[in-house]
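Colleague: Sharing a structure with you now.
The values are calculated or read from the model by the stated rules, or taken from the named source; none is laboratory data. Just so you know, these numbers come straight off a predicted model, no measurement behind them. A quick note on method: Cβ atoms are made from the backbone with ideal geometry, for glycine too, and the neighbour counts reach across all protein chains shown. Just the protein is used for accessible areas: all its heavy atoms, side chains included, with ligands, DNA and RNA removed. Shrake-Rupley method; radii C 1.70, N 1.55, O 1.52, S 1.80 Å.
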There are 2 protein chains.
Amino acid sequence: MTLETISVDIPGAAYGVTVGMGARSRIADAVDHADGVAQLVDRRVAGLHGTPCSGVPTLELQGGEGIKTLESLGRVLDFCAEAGLSRRSTLVAFGGGTIGDLGGLAASLFKRGLDVVQVPTTLLAQVDASVGGKTAINLAAGKNLAGTFHHPRAVFCDADLLATLDDEDFASGLGEVAKTAILGGDDALSRTEELAKAVVARDADALAEVVAMCVGVKARVVASDPEERGARRALNLGHTFGHAIEHAAGYGRVPHGVAVAVGLALAARATEGAFDADPELTTRTLELLRCFGLPTSLDELRSRDGLREALTPEALHVGLGHDKKGTVGSPEFVLARRPGDIALGVRLDDELLMSLLR
Amino acid sequence: MTLETISVDIPGAAYGVTVGMGARSRIADAVDHADGVAQLVDRRVAGLHGTPCSGVPTLELQGGEGIKTLESLGRVLDFCAEAGLSRRSTLVAFGGGTIGDLGGLAASLFKRGLDVVQVPTTLLAQVDASVGGKTAINLAAGKNLAGTFHHPRAVFCDADLLATLDDEDFASGLGEVAKTAILGGDDALSRTEELAKAVVARDADALAEVVAMCVGVKARVVASDPEERGARRALNLGHTFGHAIEHAAGYGRVPHGVAVAVGLALAARATEGAFDADPELTTRTLELLRCFGLPTSLDELRSRDGLREALTPEALHVGLGHDKKGTVGSPEFVLARRPGDIALGVRLDDELLMSLLR
C-alpha cells in the first residue's frame, strides 16, 4: 500500500492524516513553513526508531499515564520556551496517546497556541487519538479532566512503527479498531473481518488499510461535531462500560482497548435487551473481538489476575457514574442497532443494567 | 447612569458585558441555566464586598501575579472537581486580572471547557481583561506564556467595586483607559478628556461611562479578530514599550498601567518621528496622562525609587525583544497617527529607537 492522506474537515482547522509504511518521511514537508520546530518524543520509541526530526530541540519523556500531570505539562511548556518557539512554530509529538495528549495540550497553551504535528506510534493512538484534537492531563479526581480541543496541523501514522509494539499495547489498539469498524457501517465492518487475521499477524499492508479505514470513519464523525456537542458521542460506543471497568479495576490495571472490547460486548448485549435488535451484530462483534484475541465478557476479564474482586457488579455500577461526559443521574449509553446505525443517549432500565454487570 | 450591556460579537461565542453601579445584581440571571456553579474569589475583595454568589462552593485565593502559576491552576482545577462541576456548569471569577486570568484558564481546561462568568473588580480588569477572552499563567521564562482564548459567558463590571481600589491599582487602570480612548477615535478621546477629572475623583457615573466606552471600543476590535491574528494587535498600542519597561524593571516593580502610560507617551513621540505626524495627538496624550496622575516620560519613571539603574536604554532595548507577539528580529510597534487611526507592525529605525529609550 502506498501512502494515503485522509483529510479531516474541521471548519477552520482542516488537516490531513497520512497513513502507511514510511509516512514519517513526509513530516519534513509539514513543518517546512514553521518558524522553529521542537519535538517531544517517547524515550523508548526513540530508542527503537530514532526521532522524527533531526537537528531540532528535543525533549525525551517516558510515555505512560504517569506523564499526564500538571508537573510534566510544566516541563514541556518550559521546554517550548527554552527552544525559543513562537506562535508560528510547530511542536512535533512522537509517541503513544499519552505523549500526544501531553504534547497537544502544551502546544495549545504555549503562547496561547502553536501548531502541533502528531506522530502516533501505537495502534491505539493511530486509530483513535490521531483524529479529534482532544488533549488532556489527569487530575487527582480522574482521568483526562483537564484539557483542550486543539486540532493538529498534520498527523502521520507510520505502519512501520507498529512492528515493535508489545502484545498488550497492540491488543489495546484492536479494541478501538473493532469499535470503529462497527461505527463505520457494514462495508467497514466486513472489510475489517476479512483483514482481521492479517492484522493480528501484523501484516503491514493490512494494518495500514485498517488504520486508514479507522481514521476515515473517525474523521467523518469528528468533522460533523468538532467540540463534542452531539454526534461525536457515537465514538463513545463501548466506552461507558469500558470506563466503568477501568474505574472499578483501578486505572492502569486494564488496558484501555481491552476495557473497550468488553464494553463493546456489553453494549451489543444491551442493544438486544433495549431494542429487541437482531442478534447478528452481537455475534459479529464477539467474533471479531475473539479473532483479535480480546475478551468478550466480564467473566473472561474477571478470570485475569486479581480482577474478580475488583470487578463486582456494585463496583461497576459505581464506575458508571464516573464518565465525565454523562449528565447527572443515570448513565447514558451509546448503542449500535446495526453497523453504522448508532443510538445516542440511551438509558437502560436498572434490571437490564444489573443483569449485564453480573 | 443605569446599567448598560455592551455585546461582544465573537462568532459562535457572543456575550454581554454589563456595566454600571450594582451590575453584580445581574449575575444570578447569567448562571441560572447552569448545571452547577462555583466561584473563585479574591480574598481581599471578598472581605470588602462579599462574594458574588451565595451558597455555592467557593475558593478564595489572594490575587496577584503570584497566583498565575501551574500550581495554583492545579488548585483551581481540583476545586472544580471537588465542586462536582460538569461541562454545563459555570465558574464565576471575582477579582482583578490575575483571578480572571487564572479562573478563565481553569474554566477553559476543566473537562475541556466550561462557562466562565467574569466579575472584574479592578479598573484595569474592567476596561481591559473583561473583553477578549485571553487567559494565562506565567512560566519561568516570562509572563502570560501559557494560556488559552476562552470567551466568557458574561461579564459584569460593577462600578461600585472601584471605590475601594488603592491608588496604585486605580492609576494602573487609567493607563489602559488612556490607551483605549486613543484607539476609540476622536469622540472617545474627547469624552474621556472631559470626564478625566471626575474619573480621577472616582465619580461613579463618570467611571461607569468610561468603563462602558472602553468595553465598547475593545469589543469592536476583538470581535473583528477573536484570536489575535491581525487587527487586534491595535490593542498593543503603548504595550511594546510598556512590556520593555516591565521587563527591564523586573516584573511587578512597575504597575502594568503605569508602564503602558509611559509606553503611550513613547509611542506618541515615535509616531512623530516615524510619520512626520501632527504633534497634536502627542500633546493630548501627555495631557490626559498627566490629568490621570501618570508619568509621561522615562525620566519621570526613572526618578522613582531604584528604577534609574534598571531602566537603562540598553536594558530597555533588550526588553523590546521579549514581547511574545513580535516576530524574530527587530520589534514591531503599534502607533496611532490620529485618534482611531492605528498603524500596525511599524519598525523604527535604530537611531529613532535609541533616542526614545534615552
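Colleague: What number, rounded to the nearest 500 deg cm²/dmol, is the helix-based mean residue ellipticity at 222 nm of chain A, given -39500 (n - 2.57) per DSSP H run of at least four residues and division by all its residues? Write down the numbers at each step before the final one.
Modeller: Values: 14 runs with 159 residues, N = 358.
Theoretical 222 nm ellipticity from helices: -13500 deg cm²/dmol.
Colleague: Taking a point 7 Å out from Cα toward Cβ as the label site, list the nm distances between B:Val318 and the same residue in every other copy, smallest first.
Modeller: Nearest to farthest, the other copies are at 5.7 nm.
Colleague: Can I ask one more? What is the distance, in nm, between label points placed 7 Å from the Cα along the Cα-to-Cβ direction at A:Asp186 and at A:Ala198?
Modeller: 2.3
Colleague: Taking H placed 1.01 Å from N in the peptide plane, check which residues at least 5 places from B:Asp115 or on another chain put their amide H under 5 Å from its amide H.
Modeller: Residues meeting the amide H criterion: B:Ser89, B:Leu91.
Colleague: Moving to a separate point now. How many Cβ atoms of partner chains, on average, are near each residue of B:136-142 if near means within 10 Å of its Cβ? Intermediate values should be presented prior to the final figure.
Modeller: On the way: counts 3, 3, 0, 7, 5, 6, 2.
Averaged over the peptide's residues, the number is 4.
Colleague: Right, something else. Which ³J(HN,Hα) values in Hz, rounded to whole numbers, follow from the phi angles of region A:282-287 under the Karplus curve 6.51 cos²θ - 1.76 cosθ + 1.60, where θ = phi - 60° and Gly and Pro get x?
Modeller: My calculation for region A:282-287 gives 4, 4, 5, 4, 5, 4 Hz in order.
Colleague: What FRET efficiency comes out for the pair B:Asp9/B:Glu272, r = Cβ-Cβ distance, R0 = 41 Å, nearest 0.05? Don't jump to the answer; show the numbers that get you there.
Modeller: Working: r = 35 Å, r/R0 = 0.85.
Between B:Asp9 and B:Glu272 the formula returns 0.70.
Colleague: Could you tell me which of rounded, prolate or oblate describes region A:184-286, using a ≥ b ≥ c as the square roots of the eigenvalues of the alpha-carbon gyration tensor, with rounded for a/c under 1.5 and, failing that, prolate when a/b is larger than b/c and oblate otherwise? Spell out each step's value before the answer.
Modeller: Working: a/c = 1.24, a/b = 1.21, b/c = 1.03.
Note, shape of region A:184-286 comes out rounded.
Colleague: Can you compute the modelled spin-label distance between A:Cys291 and B:Glu287, with each label point 7 Å from Cα toward Cβ, in nm?
Modeller: Each label point is offset 7 Å from its Cα along the Cβ direction, giving 8.4 nm.
Colleague: Provide the percentage of antiparallel DSSP beta bridges, counting only those with both residues in the protein assembly as shown; round to the nearest 5.
Modeller: Values: 30 of 74 bridges.
Bridges in the protein assembly as shown that DSSP calls antiparallel: roughly 40 percent.
Colleague: Also: If you roll a 1.4 angstrom probe over the protein chains with everything in place, what fraction of the accessible area of the protein assembly as shown belongs to carbon and sulfur, to the nearest %? Mind dumping the intermediate values first?
Modeller: Values: 12760 of 26980 Å².
Summing carbon and sulfur atoms, their accessible area is 47 percent of the total for the protein assembly as shown.
Colleague: If you don't mind, another one. Which whole-Hz ³J(HN,Hα) couplings does region B:58-64 yield from phi under the Karplus relation 6.51 cos²θ - 1.76 cosθ + 1.60, θ = phi - 60°, glycine and proline marked x?
Modeller: Running phi through 6.51 cos²θ - 1.76 cosθ + 1.60 with θ = phi - 60° gives 10, 10, 9, 10, 8, x, x Hz.
Colleague: Residues of region B:190-334: accessible area per residue at 1.4 Å, in Å²? Walk me through the intermediate numbers first.
Modeller: Working: 5910 Å² over 145 residues.
Ligands and nucleic acids excluded, the figure is 41 Å² per residue.
Colleague: Just need log10 I(q)/I(0) for the protein assembly as shown at q = 0.07, 0.09, 0.12 Å⁻¹, Debye formula, equal scatterers on the alpha-carbon atoms, no solvent, rounded to two decimals.
Modeller: For the requested q values the scattering log ratios are -0.53, -0.82, -1.25.
Colleague: How high is the relative contact order of chain B, in percent, with contacts defined as C-alpha pairs under 8 Å that are six or more residues apart?
Modeller: Numbers: 727 pairs, mean separation 55.8, N = 358.
Relative contact order, chain B: 16 percent.
Colleague: Give me a comma-separated list of calculated 3J(HN,Hα) values for region A:75-81, in order, Karplus coefficients 6.51, -1.76, 1.60 applied at θ = phi - 60°, integers in Hz, x for any Gly or Pro.
Modeller: Karplus values, whole Hz, x for Gly and Pro: 5, 5, 5, 4, 4, 4, 5.
Colleague: In Å², nearest 100, what accessible area do chains A and B bury in total when the solvent probe is 1.4 Å?
Modeller: Chains A and B together bury approximately 2600 Å².
Colleague: If the label for A:Arg304 sits 7 angstrom from Cα along the Cα-to-Cβ line, what are its distances to the same label in every other copy, in nm to one decimal, shortest first?
Modeller: Nearest first, the other copies' label points are 6.1 nm away.
Colleague: GNM on chain B, C-alpha springs below 10 Å: top fluctuator among B:Gly238, B:Gly306, B:Gly173?
Modeller: Maximum among the listed residues: B:Gly306.
Colleague: List the distances, in nm to one decimal, from the label point of B:Ala204 to the label points of the same position in every other copy, shortest first, placing each label point 7 Å from Cα along the Cα-to-Cβ direction.
Modeller: In nanometres, ordered from closest: 7.6.
Colleague: Excluding ligands, DNA and RNA, what is the solvent-accessible area per residue of region A:60-168 at a probe of 1.4 Å, expressed in Å²? Numbers along the way, then the final one.
Modeller: Details: 3010 Å² over 109 residues.
Averaged over the residues of region A:60-168, the accessible area is 28 Å².
Colleague: Return the average number of partner chain Cβ atoms within 10 angstrom of each residue Cβ along peptide B:57-70.
Modeller: On the way: counts 0, 0, 0, 0, 0, 0, 0, 0, 0, 0, 0, 0, 2, 8.
Average per residue, whole number: 1.
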